[in-house]
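Visitor: My questions will all concern the structure given below.
What follows is calculated from the coordinates using simple rules that are stated; it is not laboratory data. Keep in mind the model is a prediction, meaning the values are calculated, not measured. With ideal geometry, Cβ positions are generated from the backbone for all residues, glycine too; neighbour counts draw on all protein chains shown.
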Amino acid sequence: MPPPESSAEIVARAVATPMIDRIVIDDTGQAATEPLREDIRFLGGLLGEVIAAHSGEQTFDLVENSRRDAFAIRYNEISRDDLAARYTDPTVGELLPVIRAFSSFALLANLAEDLHRERRRRIHQRAGDRPQPSSLAGALSALRDAGLDDATVGQALAHGAVVPVITAHPTETRRRTVFEAQNTITELMRVRARTELIPEEIERIERQITEQVLVLWQTALIRLRRLTIGDEITTGLRYYGASFFQVLPNLNRDVRRALTSAYPEAGLEKLSLIRMGSWIGGDRDGNPAVTGQVVNQATSAAAATALRHHLNEVTTLRHELAMSARLVSPITDDLRALSGRSADDDDEPFRSALRTVRGRLAATAQDLLGTDFLLAAEREWAATAEPYAGPEEFLADLDVIDTALRAVVDDTLADNRLGALREAVRTFGFHLSGLDLRQNSEMHEQVVGELLAWAGVCPDYAGLDEARRVELLTAELTTRRPLTAPDAELSELAAKELGVVAAAADAVRRFGPEAVPTYIISMCQSVSDLLEAMVLLKEAGLYGLDASGAPRCVVRVVPLLETIEDLQAGASIITAALDLDFYRALLAGQQNVQEVMLGYSDSNKDGGYLAANWALYRAELELVQVARQAGLSLRLFHGRGGTVGRGGGPSYDAILAQPPGAVQGGLRLTEQGEVIAAKYAEPISARRNLETLVAATLESTLLDTEGLSDPARAYQVLDELAGLARTAYGDLVHRTPGFVEYFTDSTPLSEIGALNIGSRPTSRKQTTAISDLRAIPWVLSWTQCRVMLPGWYGTGSAFEQWVGDGPERLAQLADYYRQWPFFRSVMSNMAQVLAKSDLGLAARYAELVPDADLRERVFTMLATEHERTLRMYAAITGTHDLLADNDALKRSVYNRFPYLEPLNLLQVELLRRFRGGEDTPQIRRAIQLTMNGLATALRNSG
């Protein structure tokens, strides 16, 4: 038996072994990848030509030599020292074009990969293959195979709702020009791939692509000023015109038609499954910039986007539906009534009816958003028209036109633009998307305590124990008495929080209850945390008692369970709340649906990857049981980030990996800003990704996806593994002296806070504690330096300790990997993170730590655990290939990762200069560009 290796040997091997060696590309994979490589070569070649022509041969040579060296490093022809040496002498001004070049290349490589996935999918479809998993057709096929009856399907989907919730992210800062150039190149590349083009057409298309690449090159990728929430609101709304208006209505229609065709007695004729949500402008947890004015801005901008779409579509319909009453008949009485004209003087009744609709819709927009929103002609239309009371009235008029059109023509025209508009009104209403409010429970406690003291109810709320708090808050929530008055002298914090809920109430009044559907309580750790938020809503009139004295709340109050302890206590919090009679009555008025949000980010930061994932699964199991016993429907809201350390990974696999009963006809999940562009920037990718959410929701709701023969034993094993993993993680993160210093010095954490990245501070409050650091900078920092710690650390130790010398235990884990979607998803996502890690690059960041002893001690722990995790992954899965189950990511890593080398090495060099005192606007911008370039290239980074 060989002697045990020293730590130095392990570190040396970790630094010297590129992760590309853990990825296997065989001949078949090479052949399938060739079209992708050709697209990358083509786009990269155009970028090189543009750089040479517009930035000079010297810049081009530095970029091209960097590219060649990066590939030479992959094949061990040169060392990283050789490439790093290229960046020590040039000025920051000379290095900036290199950073921009590799960042722009990352954008183009993303585009090529998306096109290749689309290409591969079309190949399968043309070949007549079985519907692919994660497609709507695949899900319906699985449901048919299960032999489900109509009643079962109807009951399970009665309150169905799939709600992607858009959130902001500091690395998603791309300009509208960049966004539009990418979409234009995507469409041109699709046309270029057609086989029937003649040479002249190919030449013209390639010239147009070159023009767009030039636009990318000459457009600043980031802004000089810090992002505002207004910028983030605008960016989030951009995706509606780009894809959502086209895709969501059609997908909702397709889902409803498919389900009603397969299950005609299920009662799903009015099902509109997908809705959109947003946190941008309502999430004030740790973001002092969110005010009542911002809430008003976010909800008004959303409504303006919806109403502008509806007005444009009605105007276009009026031009299209010019049928003459002399040529089509009979015209329905309802259409005549809507047109406001008699048969004698109305030869174009559809146009006349749409003129009425157009006027009323313009009047509605004017009433909700003001005269300035309308164009001059639209103000004339609105002048004599009566506004709609709500989207239901608007839809009823469109239904009249639809019925008449089907009676005199056929279904073709009715199903086209008019059908899409009717579906859009069902989907978007006048509000577009629901804006969630979120605030930390600590803030609620302070504000409610101040209100109770001002009203003379309780002078020291903070001094009460939990039982007394619940008693006091229940009394307030079962009376109609307010706690404040217009002349109340309140603190800045209290005034601000009341201003936010007042703005939410105004949005609900103007745009309908779906405008602000949810109030989320961060760090919700008790029943009183739930009730405090209701007290604030009561002050704004969003919560109250009806004529019979029953509690009613327009906004659903949702606890967010974030830390591992909070997840473990979640079921008991809900149980205790359900013991309150008024709370049960409140849920009865909300369709007996209890919504709970699960926090992936802070639980991971708290206890590490495996412990957090298992805590989430356990919490779901317990919440399902509580809801079942109480006769409630449970709706889980998954607070997933883009990266695996924050709950990211393939959505389809993640939803199927939920425990039995956790997906009851619907779910909500956050879509982080950094992955929104990849998923939703254009219609084809948007359709695919939304369809994935629908397919997984249908399957998880109606099929047994857990697949365990002995769940109790499996749960016990994961309890033990999670405990071991949390201990190993805590030994590093929470119990290693100097760890915070190592983290701060070896990553760009400080620079994330100092530079103009995002509208939100990096910490909830001024502190150096890991617990107070926001999850995005925590994960983003580890990703930038390529350690990727939140996605794997502690897992290898847990597996190794639990397995020990027992082959039967290793066989048990291997069996779970084959049979249990949860465990397979955990392993697969961890492997994806490991494939993106690179301890050779991480070692260069570690050199930024001034304390040599601390640097060696912590990096040795990282390298040792990294190797241990790789070894245990291979033992459990039976393969060293980290991406054996993910061909798409394998192609991405293999083709693009050499291009990350220059960005990482440049970032290290710039951080060294910046921390050495070279603090200029130019070097700050250069560091920010490397961050955005790496985030773009890695695709999910924080």
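Visitor: To the nearest 0.05, how large is the calculated FRET efficiency for Ala12 and Asp731 if R₀ is 25 Å and r is the Cβ-Cβ distance?
Guide: 0.60
Visitor: A follow-up question, please. Tell me, His431, His638, His880 in order of fewest to most beta-carbon neighbours within 10 Å?
Guide: His880, His638, His431
Visitor: Out of Gly878, Asn904, His866, whose Cα points farthest toward the positive end of the dipole of the range 835-930 (charges: +1 Lys, Arg; -1 Asp, Glu; placed on Cβ)?
Guide: Checked the options; the winner is Asn904.
Visitor: Name the residues whose placed amide hydrogens come within less than 5 Å of the amide hydrogen of Val558, ignoring near sequence neighbours (fewer than 5 apart) on the same chain.
Guide: Hits under the 5 Å cutoff: Tyr519, Ile520, Ile521.
Visitor: What size of dipole, in debye to the nearest 20, comes out for the range 292-428 about its Cα centre when the only charges are +1 on Lys and Arg C-beta atoms and -1 on Asp and Glu C-beta atoms?
Guide: Dipole magnitude for the range 292-428 comes out near 320 debye.
Visitor: While we're here: Glu808 versus Ala588, label points 7 Å from Cα toward the beta carbon: distance in nm?
Guide: Output for this residue pair reads 5.4 nm.
Visitor: For a label point 7 Å from the Cα of Arg176 along Cα→C-beta, name the residues of the range 203-220 whose backbone N is under 17 Å from it.
Guide: 216, 219-220
Visitor: For a footprinting-style exposure proxy, rank Tyr816, Tyr742 by other Cβ within 10 Å, fewest first.
Guide: Tyr816, Tyr742
Visitor: Which semi-axes, in whole Å and largest first, does the equivalent ellipsoid of the range 809-859 have when worked out from the alpha carbon gyration tensor as the square roots of 5 times its eigenvalues?
Guide: 35, 13, 7
Visitor: Another question, if that's okay. Taking Lys605 as the anchor, which lysines have their alpha carbon closer than 20 Å to its alpha carbon, excluding any fewer than eight residues away along the same chain?
Guide: Lys765, Lys836
Visitor: So, one more: Within 13 Å, Cβ to Cβ, of Leu667, how many net charges do the neighbouring residues add up to if Lys/Arg are +1 and Asp/Glu are -1?
Guide: Working: positive: Arg275, Arg635, Arg640, Arg668; negative: Glu595, Glu620, Glu671, Glu699.
Once positives and negatives cancel, what remains is 0.
Visitor: List every residue whose amide H lies under 5 Å from the amide H of Leu669, counting only residues 5 or more places away in sequence or on a different chain, with H placed 1.01 Å from N in the peptide plane.
Guide: Val163, Val165, His638
Visitor: Just to verify a number: FRET efficiency for Thr479 and Phe42, C-beta to C-beta distance, R0 = 60 Å, to 0.05?
Guide: 0.30
Visitor: Of Val675, Ala630, Ala654, which is farthest towards the positive pole of the range 570-711's charge dipole, taken about the Cα centre with +1 and -1 on the beta-carbons of Lys, Arg and Asp, Glu respectively?
Guide: The listed residue farthest towards the positive side: Val675.
Visitor: Per q in 0.09, 0.14, 0.16 1/Å, what log10 I(q)/I(0) does a Debye calculation on the alpha-carbon atoms of the range 292-428 return?
Guide: Scattering profile of the range 292-428, log10 relative to I(0): -0.27, -0.62, -0.80.
Visitor: Okay, next question. Using only Cα atoms, what is the ratio of the radius of gyration of the chain to 2.2 N^0.38 Å?
Guide: Against the compact-globule rule of thumb, the ratio is 0.97.
Visitor: To continue, here is another question. Using a simple charge model, +1 on the beta-carbon of Lys and Arg, -1 on the beta-carbon of Asp and Glu, nothing else, what dipole does the chain show about its Cα centre, in debye to the nearest 20?
Guide: For the chain, the charge dipole is close to 1020 debye.
Visitor: Once you list every other residue whose beta carbon is under 11 Å from the beta carbon of Ile331, what net charge do they have if Lys and Arg are +1 and Asp and Glu are -1?
Guide: Result for the local shell: -2.
Visitor: Which order results if Trp792, Trp381 are arranged by neighbouring Cβ count within 10 Å, fewest first?
Guide: Trp381, Trp792
Visitor: Per-residue counts of other Cβ atoms within 10 Å, averaged by peptide: what ranking do you get for 823-836, 37-50, 507-520, highest first?
Guide: Packing proxy ranking, top to bottom: 823-836, 507-520, 37-50.
Visitor: Based on the Cβ-Cβ distance of Arg468 and Arg915, what FRET efficiency does E = 1/(1 + (r/R0)^6) give at R0 = 56 Å, to the nearest 0.05?
Guide: 0.65
Visitor: Taking a ≥ b ≥ c as the square roots of the Cα gyration tensor eigenvalues, with a/c under 1.5 meaning rounded and otherwise prolate when a/b beats b/c, else oblate, which class fits the range 829-942?
Guide: oblate
Visitor: Sticking with this structure for a sec: Can you compute the charge dipole magnitude of the range 592-726 about its Cα centre, using +1 on each Lys and Arg Cβ and -1 on each Asp and Glu Cβ, nothing else charged? Give it in debye, rounded to the nearest 20.
Guide: Dipole about the Cα centre, nearest 20: 220 debye.
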